[in-house]
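The values are calculated or read from the model by the stated rules, or taken from the named source; none is laboratory data. These figures come from a predicted structure and were not determined experimentally. Don't worry about glycine lacking a Cβ; one is built from the backbone with ideal geometry, like all the others, and counts go over all protein chains shown. When the accessible area is computed, the model is the full protein with side chains, heavy atoms only, and any ligands, DNA or RNA have been set aside. Shrake-Rupley method; radii C 1.70, N 1.55, O 1.52, S 1.80 Å.
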Amino acid sequence: MIINKYFFVLIFTIFILYILYTLSKHLNLLDLPENRKVHNKPTPFVGGLIIFFSIIFSSILFEYNYFFNYLIYTSSLIIIIGLIDDKYNLSPYTRLFFQFTTSFIMFGSGLIISNLGEYEFVGLINLYIFSYLFTAFSIVLLINAFNFIDGIDGLCGGMFVSSLILILVFSFFEIGNSIFHYFFINNLILITLIFLIFNIFSNRLKIFLGDSGSMLLGLLLGWLIVYYTSEEKNFHPVLALWVISYPIYDFLTVFSRRLFYERKNPMLSDKYHFHHLLLSIFSSHKKVSLILNIFAICFGIFGLIIFKYFGSIICLLSFILILFLYNLLYYKLFNIQKKI
């Protein structure tokens, strides 16, 4: 029975979590406190490994199709580079090189973004020779967007789960598929929720995603969106923006602020992401993560409603309008925080 397979995945995830948590101290896979970080004691950054091994285990039980298996084993490169980055702090350019390399390897699955969908008064927007380049840049952008939001407990993993839920919701309303059709996504949700329990609520067995985990989640989500908009055509590509609204808003705002407003390397970390600004107000990781995940789900539902009743052009313009309003709010909070 399918329910038994999910149960075995749950048990395996808890088992591998305990094993890797124990090994992390012997292998020195620990995230040490420093000025730009919000934790105050060494914490294992094995969340990515836990999720990765659990996904591999689930692939044995559920026998995924060629694309999902190709994605799982290609993502091992991101896990390796992420672990090296967690331990030795690689340069941003080295990370980007391997992120693009992973994306290029994924082209072997036969999947790319060939068009951006149809829009009123415009028609179908084909990418032609730019398909591969656009696909690679989109995936790398999302990998880094998820890496950017991995700054407080529960946010990155929670946003990943929220995005997966939106994929299921969009697929249901657009083509009527039940959530029981999506074994891979269901397992990702289950595995990530187990990680989140220990990331948010556990003191004795607290773990972080690490760069390996945040980049893995960005890679998986990026290719799942490509798969369900380009291959399966479950929903219009413009809705993909609403699946990942908050990570994209945060990335674009922080990247542009560092590059144009402060004139510094946009890939260098700081503590002025939107979640950091909210943390100075609410003083609780749980509250901030919950607020942002609720908003992400609401944005997604709002985008779906706009698409269903007003069409793809208005849906796209609405996304851009909210990005503009988000920027206004961000800079207001940013300037207040800088004065403190």
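With an 8 Å cut-off on Cα pairs and a minimum separation of 6 or more residues, tell me the relative contact order of region 1-95 in percent. It comes to 27 percent, rounded to a whole number. With K and R counted +1 and D and E -1, the other residues having a Cβ less than 14 Å from that of Pro237 yield a net charge of -3.
What is the sum of charges, Lys and Arg at +1 and Asp and Glu at -1, for the other residues whose Cβ falls under 15 Å from the Cβ of Ile51? Please list the in-between numbers first.
Details: positive: none; negative: Asp86, Asp150, Asp211.
It works out to a net charge of -3.
Separation of region 270-340 and region 98-138 by C-alpha centroid, Å? If we compute the Cα centre of each part, the gap is 26 Å. With both labels modelled 7 Å from their Cα along Cα-to-Cβ, the Asn335 to Asn65 distance reads 5.1 nm.
With R₀ fixed at 41 Å, the C-beta to C-beta distance from Phe130 to Ile301 puts the FRET efficiency at about 0.85. On the full set of protein chains, 1.4 Å probe, figure out the accessible area of His273 and give it in Å² to the nearest 10. Taking all protein chains as shown, His273 has close to 10 Å². Ordered by solvent-accessible area of protein heavy atoms (1.4 Å probe), largest first, the residues Ser178, Ser131 come out as Ser178, Ser131. Length available on full extension from Phe137 to Met267: 0.36 nm per residue minus the Cα-Cα distance, which gives 45.3 nm. Per-residue 3J(HN,Hα) values for region 81-98, derived from phi via the Karplus relation 6.51 cos²θ - 1.76 cosθ + 1.60 with θ = phi - 60°, read 5, x, 5, 5, 5, 4, 8, 10, 6, 5, 6, x, 6, 5, 4, 4, 4, 6 Hz in sequence order (x marks Gly and Pro). Note on the chain: with charges restricted to the Cβ of Lys and Arg (+1) and Asp and Glu (-1), its dipole about the Cα centre is near 1140 debye. For Phe295, the accessible surface of its heavy atoms amounts to roughly 110 Å² (probe 1.4 Å, protein chains only, rounded to the nearest 10). Label separation (Ile197 vs Ile175): 3.2 nm, computed from points 7 Å beyond Cα along the C-beta direction. Taking θ as phi - 60° and the Karplus parameters 6.51, -1.76 and 1.60, the scalar couplings of region 51-65 work out to 5, 5, 5, 5, 5, 4, 4, 5, 5, 6, 6, 9, 6, 5, 6 Hz in sequence order, x denoting glycine and proline. Once both labels are positioned 7 Å from their Cα atoms along Cα-to-Cβ, the gap between Ile80 and Phe8 label points is 2.9 nm. Can you pick out the pairs among Lys41/Lys206; Lys286/Lys332; Lys41/Lys87; Lys41/Lys286; Lys25/Lys87 whose Cα atoms lie more than 20 Å from each other? From the list (Lys41/Lys206; Lys286/Lys332; Lys41/Lys87; Lys41/Lys286; Lys25/Lys87), the Cα-Cα distance tops 20 Å for Lys286/Lys332.
Quick check for you: with a 1.4 Å probe and neighbouring chains kept, what is the accessible area per residue of region 51-134, in Å²? Accessible surface, normalised per residue, equals 53 Å².
Between Leu96 and Phe121, the C-beta separation translates, for a Förster distance of 41 Å, into a calculated FRET efficiency of about 0.65. Ordering Arg95, Arg257, Arg204, Arg263 by accessible surface, largest first, gives Arg263, Arg204, Arg95, Arg257; the 1.4 Å probe counts only protein heavy atoms, with every chain in place. Just read off the accessible area of Ile281 with the full protein assembly in place, 1.4 Å probe, to the nearest 10 Å². Only protein atoms counted, so the area is about 100 Å². Taking amide hydrogens as placed 1.01 Å from N in the peptide plane, the amide H of Asp31 sits under 5 Å from those of Thr43, Phe45, each at least 5 positions away in sequence or on another chain.
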